[in-house]
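Engineer: So that we are looking at the same thing, I have put the structure below in structure tokens.
The values are calculated or read from the model by the stated rules, or taken from the named source; none is laboratory data. Predicted model only: the values in this text are computed from it and were never measured. With ideal geometry, Cβ positions are generated from the backbone for all residues, glycine too; neighbour counts draw on all protein chains shown.
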Amino acid sequence: MFVRRVIAVVAAGVTAACLCAPSASATSRESGRNSGDSGRGPWRAAWGAAMQQPNELTPNWAETGFADQSVRQVVRVSGGGKTLRIRLSNLYGKAPVRLAGATVARAGDGAAVLPGTVRPLRFKHPRIPAGGELVSEPAPFPTKALDRLAVTLYFAEPTGPATQHVSAFHTTYRAPGDHRFDTGPGAFTEKTESYYFLTGVEVPGRRGTVVTLGDSITDGAFSSVDAENTYADELAERLRASGRDLTVVNAGIGGNRVLRDSRCFGESAQTRFQRDVLDRPGVRTVIVSEALNDLFDIPGIVFGKDCNRPNPTLTAAQLIEGHRALIRRAHARGIRIIGGTVTPFKGNPYGVFTEQGEQARDGLNRWILTSGEYDGVVDFAGVLADPADPDRLNPIYDGTPALRDAVHPNDAGFRAMAEAVDLTDL
């Protein structure tokens, strides 16, 4: 599929330099992020997606937005409870977005939901503020870990460009008109693989959320669509099987970097750490696996307007300081932080491998494994490396039959990553 291939190629590291900042300042974001928050009791994140600004990187609905349309988005929660609430983001919006209504239901096949499970979601204020967020009132909707839910949003008025998560690896459905309460899939004739406005599903509970922060490998590039096979998904399944009451939120963004923002591939880990980790409710631990895109020497490839600019390869010392900054910020909030080593990328077809980049990867990985500055480590690089050449991805974990790129793991590779995590570290 063209969209999947472009996302995969982009996520592989054809990244952009610091081109943008959201229209809202950090202060205005914070003033709007809890609009509509009921404040009732402790909450924790059970599902989440890291938001990105609309761009033309892949064909989807973000640039035009929605008008008199229903958008049905399917998610799998990693924890449950008797009630839930959703979080909507208009982080990159220039104006407030009016939400005409929303529902939640148990997901069926495709765009269908299970009859008798549709429940309305209510909000104190019907508008998602520009640069901010809107949280629903708690809805009585019992769930358990690994339940699949369908959240349907109806926008009667034009939204303008939509804040999104571009590579969801899940199918999102669209229908003309108000179809929030439809149980059948008939009206939802359009589909894509991005999330729009929906950034979180939260359930009651004590502090116990694990956030996986990273790039396309964390995001799940090359994982099977709608199969819940990212390493974050596999980790959630391991936690449930072990009886540990921890939820998992995937905060990966394809093409993301530690130190440089990108208009197409998201703000850097430094910029988004507050929003995607520290501000999530109930966060206990974060696993950081990021720097691969900082190492790539970008060739003359352009994906869309201004999506690719020169990306000088950074040194290990520069990247170590970037990781140290994340450690300090996590510890200041009493959050455990686990370091994941950076995986191999030698032999990829994108022309981004250099000896300088490989030396920086080796240096960063040595520091992650031996410095003791992280609260724990997980050696993703060691798990995925080819035993015959540790600088290369093991062929058994390399991509899919349609596209092997020596960068992105397949479903088996994501499972191996999840199995490498020491659950007691979390």
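Engineer: Could you tell me which residue of the range 180-197 is surrounded by the fewest Cβ atoms within 10 Å (Cβ to Cβ), considering only residues that are touching a residue at least 24 places away in the same chain (Cβ under 8 Å) and among the hydroxyl-bearing types (Ser, Thr, Tyr)?
Structural biologist: Residue satisfying both the conditions and the ranking: THR183.
Engineer: Among the listed residues ARG257, ARG280, ARG263, which satisfies the condition of being among the basic types (Lys, Arg), buried (at least 21 other Cβ atoms within 10 Å of the Cβ) and within 20 Å of THR315 (Cβ to Cβ)?
Structural biologist: Values: ARG280 fails: within 20 Å of THR315 (Cβ to Cβ); ARG263 fails: within 20 Å of THR315 (Cβ to Cβ).
Matching residue, one of ARG257, ARG280, ARG263: ARG257.
Engineer: Filter the strands (runs of 3 or more DSSP E) completely within the range 66-121 down to those with at least 2 residues that are within 24 Å of the chain's Cα centre (by Cα) and among the polar types (S, T, N, Q).
Structural biologist: Details: elements: 69-76, 81-89, 101-106, 119-121.
Hits in the range 66-121: 69-76, 81-89.
Engineer: Conditions first: (1) at pLDDT below 95; (2) closer than 22 Å to THR163 by Cα; (3) out of contact with any helix residue (DSSP H, G or I) (no Cβ under 7 Å at 6 or more places or on another chain); (4) not small (Gly, Ala, Ser). ARG309 passes all but one, so which condition is the exception?
Structural biologist: Of (1) at pLDDT below 95; (2) closer than 22 Å to THR163 by Cα; (3) out of contact with any helix residue (DSSP H, G or I) (no Cβ under 7 Å at 6 or more places or on another chain); (4) not small (Gly, Ala, Ser), only one is false for ARG309: (2).
Engineer: Which residue out of THR209, THR189, THR230, THR247 is outside the structural domain of CYS264 (by TED's automatic domain parsing) and β-branched (Val, Ile, Thr)? Can you show your working first?
Structural biologist: Numbers: THR209 fails: outside the structural domain of CYS264 (by TED's automatic domain parsing); THR230 fails: outside the structural domain of CYS264 (by TED's automatic domain parsing); THR247 fails: outside the structural domain of CYS264 (by TED's automatic domain parsing).
Selected residue: THR189, the only one of THR209, THR189, THR230, THR247 that is outside the structural domain of CYS264 (by TED's automatic domain parsing) and β-branched (Val, Ile, Thr).
Engineer: Regarding the range 113-131, can at least one residue be identified that is modelled with pLDDT under 95, surrounded by fewer than 22 Cβ atoms within 10 Å (Cβ to Cβ) and not aromatic (Phe, Trp, Tyr)? Step through it out loud before you land on a result.
Structural biologist: Applying the first criterion (modelled with pLDDT under 95) to the range 113-131 yields 125-126.
Then drop every residue that is not surrounded by fewer than 22 Cβ atoms within 10 Å (Cβ to Cβ), which leaves 125-126.
Within this subset, residues satisfying the condition of being not aromatic (Phe, Trp, Tyr) are 125-126.
Scanning the range 113-131, I find at least one residue that is modelled with pLDDT under 95, surrounded by fewer than 22 Cβ atoms within 10 Å (Cβ to Cβ) and not aromatic (Phe, Trp, Tyr), so the answer is yes.
Engineer: Just one of LEU364, LEU384 is buried (at least 19 other Cβ atoms within 10 Å of the Cβ), closer than 25 Å to ILE327 by Cβ and either touching a Phe, Trp or Tyr at 6+ places or on another chain (Cβ under 6 Å) or of a type in the set (Ser, Thr, Tyr) (or both); which is it?
Structural biologist: Working: LEU364 fails: either touching a Phe, Trp or Tyr at 6+ places or on another chain (Cβ under 6 Å) or of a type in the set (Ser, Thr, Tyr) (or both).
Just a single option satisfies the conditions, and that option is LEU384.
Engineer: Another one. Could you check the range 317-357 and list, in sequence order, the residues that are aliphatic (A, V, I, L, M) and assigned to a helix (DSSP H, G or I)?
Structural biologist: Of the residues in the range 317-357, the ones aliphatic (A, V, I, L, M) are 317, 319-320, 325-327, 330, 332, 335, 337-338, 342, 352.
Within the range 317-357, ALA317, LEU319, ILE320, ALA325, LEU326, ILE327, ALA330, ALA332 qualify.
Engineer: Testing VAL377 on (1) modelled with pLDDT under 95; (2) assigned to a strand (DSSP E or B), one condition comes back false. Which one is that?
Structural biologist: (1)
Engineer: Could you tell me whether ARG206 is in a loop (DSSP other than H, G, I, E, B), crowded, with 20+ Cβ neighbours inside 10 Å and of a type in the set (Lys, Arg)?
Structural biologist: Numbers: in a loop (DSSP other than H, G, I, E, B): yes; crowded, with 20+ Cβ neighbours inside 10 Å: no; of a type in the set (Lys, Arg): yes.
For ARG206, the condition - in a loop (DSSP other than H, G, I, E, B), crowded, with 20+ Cβ neighbours inside 10 Å and of a type in the set (Lys, Arg) - is not met.
Engineer: Turning to a different aspect of this structure: Would you mind stating whether THR159 is among the β-branched types (Val, Ile, Thr), under 20 Å from ASP68 (Cβ atoms) and either within 23 Å of the chain's Cα centre (by Cα) or assigned to a loop (DSSP other than H, G, I, E, B) (or both)?
Structural biologist: Details: among the β-branched types (Val, Ile, Thr): yes; under 20 Å from ASP68 (Cβ atoms): yes; either within 23 Å of the chain's Cα centre (by Cα) or assigned to a loop (DSSP other than H, G, I, E, B) (or both): yes.
The answer is yes for THR159.
Engineer: Another question, then. Scan GLY382, GLY363 and give me the residue that is modelled with pLDDT of 95 or more, under 26 Å from the mean Cα position of the chain (by Cα), part of a helix (DSSP H, G or I) and among the small types (Gly, Ala, Ser). Give the steps one after another, and end with the answer.
Structural biologist: Values: GLY363 fails: under 26 Å from the mean Cα position of the chain (by Cα).
Unique residue meeting the criteria: GLY382.
Engineer: Residues in the range 139-192 that are in contact with a Ser or Thr (Cβ under 8 Å, 6 or more places away or on another chain), of a type in the set (D, E, K, R) and under 13 Å from TRP61 (Cα atoms): how many?
Structural biologist: 2
Engineer: Determine, yes or no, whether ALA227 is in a loop (DSSP other than H, G, I, E, B), at pLDDT 95 or above, aliphatic (A, V, I, L, M) and surrounded by fewer than 24 Cβ atoms within 10 Å (Cβ to Cβ). Spell out how you get there, then give the answer.
Structural biologist: Working: in a loop (DSSP other than H, G, I, E, B): yes; at pLDDT 95 or above: yes; aliphatic (A, V, I, L, M): yes; surrounded by fewer than 24 Cβ atoms within 10 Å (Cβ to Cβ): yes.
Taking the combined requirement at face value, the residue satisfies it.
Engineer: What number goes with the only condition from (1) farther than 30 Å from PRO115 by Cβ; (2) not in a loop (DSSP other than H, G, I, E, B) that ASN250 does not pass?
Structural biologist: Here ASN250 clears every test but (1).
Engineer: I'm checking my understanding of the structure. Among residues of the range 246-278 that are modelled with pLDDT of 95 or more and farther than 17 Å from ALA325 by Cα, which one is farthest from the chain's Cα centre (by Cα)?
Structural biologist: Step by step, filter the range 246-278, then rank; the result is LEU246.
Engineer: Within the group ARG333, ARG415, ARG392, ARG404, which residue is more than 26 Å from PHE169 (Cα to Cα), charged (D, E, K, R) and out of contact with any His (no Cβ under 7 Å at 6 or more places or on another chain)? Spell out how you get there, then give the answer.
Structural biologist: Details: ARG415 fails: more than 26 Å from PHE169 (Cα to Cα); ARG392 fails: more than 26 Å from PHE169 (Cα to Cα); ARG404 fails: more than 26 Å from PHE169 (Cα to Cα).
Unique residue meeting the criteria: ARG333.
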